[in-house]
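Written out below as structure tokens is the structure these notes cover.
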Ligand code: MOS
């Protein structure tokens, strides 16, 4: 509905739907692989078939003579890059055909460029490599004793003058157990895709990415170009989840190929290629030790993590991170160590750290609660952290107690009979479990631009990304809220490095970073309009004080009189009006306080005793994420995170072949994710209490917290149903069917 510009209207408080929904369902949203500049050629990545060694020679003659082939690139003929080892912006190891060394199975070692995708794929099968193979290290479990500190620890170990060791002596009950989580691989529906072309020394790239500015930096450094020569465009992303937060090999390789052939080149990864060369969640083994006094209060906590890492680059999955801040305790010690392996580089995967750490920590708390014969919720309440125990700082806001209470009530937790195996429905065992969810609140500096057009349309732009999370919606909504115009007048633009810079859409920070920048731009627009009209004889505000004017419902109104004028009228007279806004975290808050989101997750499972199949019957979760900026996109993200939590608990695992170093289930038939039948009724509620210490809009990030806590709640429910404690994720039927003796040895 178009707004009649002459009458003030009630402005909608939130958008009823996703801003980008219509484009998407109409098939009009253009994703990276759908850009087709004239004369586009297709590239296909050839991957190594050994995990470690050196390429001695390559025979490309058959491929070069195959139909449609334009060029075959390998380390023997690829252009030498100015700095073969680049490290911006997220310290990624990439393979750009600069060396004959092979670092992992599946590493990009060649590129075939042809007229069609089919021709490029076929010709790549004709290229033969001769290797000098070396013995790889592909065994995680048997090398735990060799685990080392990360080379660049992102959480340096804290000084301990022995008081922590002393504290254990005061513990009345001590509980200690080991948990493990598998390799997991991101599987966004849209795989990685890059289209690159050059005009002289200027590079344009359409890329499926979580970070257009990061790609720009990486490409500029890789090809030694001035930053302004690189333009990265990404209007839509079909899911990212962390794997598109870094520029992997295929991004510069597409640009390299385009340079060599002098034409646009499209390089799209297929599903198999998503497993290995573009990141994954590392494996972990986590040892947790909990000590409590006679009241069930923690006197000491220890969480030691050993994870896998690629030999070529350290990536820390910080699984013990939440343990430093989640429960009140004076003596917390955490550590992260890694086992070197000849595999691809791990990376951020939805809630890196908390996703793999909370299943272990929250299982351990449940085990301790049973040992103490205490309600698991009561144990958490007794150890409620009023301040961040690790940093010894106040939280910007924390309403976790209310979240526990609300979710427990909606779930019916008070009816729990804690006795394992006490609940049945026909031949199914029923179990209940709960866990705490948490994720840090992140925010970075961001910019936004606003353009008020003479026709009354308002363009709002930011160099951010919408990875399916709702950035378009939040940008448009912020303009609607601040200026009171109808959403039909707002034109939101993002995913373009020509727009003001914004951070990576990772760490659940886009809304908290970009929203305030848009709000700041709206304030700038008011200033600019006020300055224009007070000197404008055609305006009813002529001669007014700028400080007495504000924007309301699409009008510039006076706070001193009834004078008002549609903002569109001002643009009609003065032409397009452009302003910029910037926002960054409040330094005092950043230094002085701890910012996190919180949640309580309750799960009900049914277990088939004869098959070992676990089905989640319902999940009830309540979150404290500050203000719920948009109910549609926010609730959707929390539900999506919970679905992924179910996958973490029951399905997901990338199986590494210990001889060849390849993931053996590198497809969506064998890499199991929850499908509709696995997803039960999910009851998500949000407390919706604004955290205005954190941002002026009061919202904290929401993209990642949903996955946290869920797997722990489900594992705890499986124990309650069966009396079997499964500490090694995922909880597959074979593990459920194990005898207690077998599972102790597993
Ligand atoms: Mo997220 S794993 O920080 O993209």
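The values are calculated or read from the model by the stated rules, or taken from the named source; none is laboratory data. Here the structure is a predicted model, which means the values were calculated and not measured. Glycine gets a Cβ as well: all are built from the backbone with ideal geometry, and neighbour counts include every protein chain shown.
Summary table
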{"quantity": "Matching residues, the stretch 619-639, being surrounded by fewer than 24 Cβ atoms within 10 Å (Cβ to Cβ) and over 21 Å from residue 400 (Cα atoms)", "calculated": "632"}
{"quantity": "So residue 563, is it under 47 Å from the mean Cα position of the chain (by Cα) and crowded, with 16+ Cβ neighbours inside 10 Å", "calculated": "no"}
{"quantity": "Flag for residue 390 being over 26 Å from residue 644 (Cβ atoms), surrounded by fewer than 22 Cβ atoms within 10 Å (Cβ to Cβ), outside the structural domain of residue 53 (by TED's automatic domain parsing) and more than 16 Å from the ligand (Cβ to nearest atom)", "calculated": "yes"}
{"quantity": "Among (1) surrounded by fewer than 24 Cβ atoms within 10 Å (Cβ to Cβ); (2) under 24 Å from residue 684 (Cβ atoms); (3) touching a helix residue (DSSP H, G or I) at 6+ places or on another chain (Cβ under 6 Å), the one test that residue 405 misses", "calculated": "(3)"}
{"quantity": "Filter result for residue 221 (more than 16 Å from the ligand (Cβ to nearest atom) and modelled with pLDDT under 95)", "calculated": "yes"}
{"quantity": "Odd one out for residue 50, checked against (1) modelled with pLDDT under 95; (2) out of contact with any helix residue (DSSP H, G or I) (no Cβ under 9 Å at 6 or more places or on another chain)", "calculated": "(1)"}
{"quantity": "Strands (runs of 3 or more DSSP E) lying entirely in the stretch 22-137 (those with 3 or more residues that are within 30 Å of the chain's Cα centre (by Cα))", "calculated": "41-47, 108-114"}
{"quantity": "Close pairs from the stretch 233-254: first under 17 Å from residue 220 (Cβ atoms) and not assigned by TED's automatic domain parsing to the domain that holds residue 95, partner within 14 Å of the ligand (Cβ to nearest atom) and modelled with pLDDT under 95, Cβ under 9 Å, at least 6 apart", "calculated": "none"}
{"quantity": "Lone unmet requirement of (1) within 18 Å of the chain's Cα centre (by Cα); (2) within 18 Å of residue 685 (Cα to Cα); (3) crowded, with 24+ Cβ neighbours inside 10 Å for residue 602", "calculated": "(1)"}
{"quantity": "Yes/no for residue 500 being modelled with pLDDT of 95 or more, surrounded by fewer than 24 Cβ atoms within 10 Å (Cβ to Cβ) and within 16 Å of the ligand (Cβ to nearest atom)", "calculated": "no"}
{"quantity": "Pairs, first over 21 Å from residue 628 (Cβ atoms) in the stretch 500-525, second within 16 Å of the ligand (Cβ to nearest atom) and part of a helix (DSSP H, G or I), C-beta under 7 Å, six or more apart", "calculated": "501/213; 502/513; 502/514; 503/513; 504/214"}
{"quantity": "Total residues in the stretch 484-502, condition part of a loop (DSSP other than H, G, I, E, B) and either closer than 30 Å to residue 349 by Cα or not assigned by TED's automatic domain parsing to the domain that holds residue 462 (or both)", "calculated": "6"}
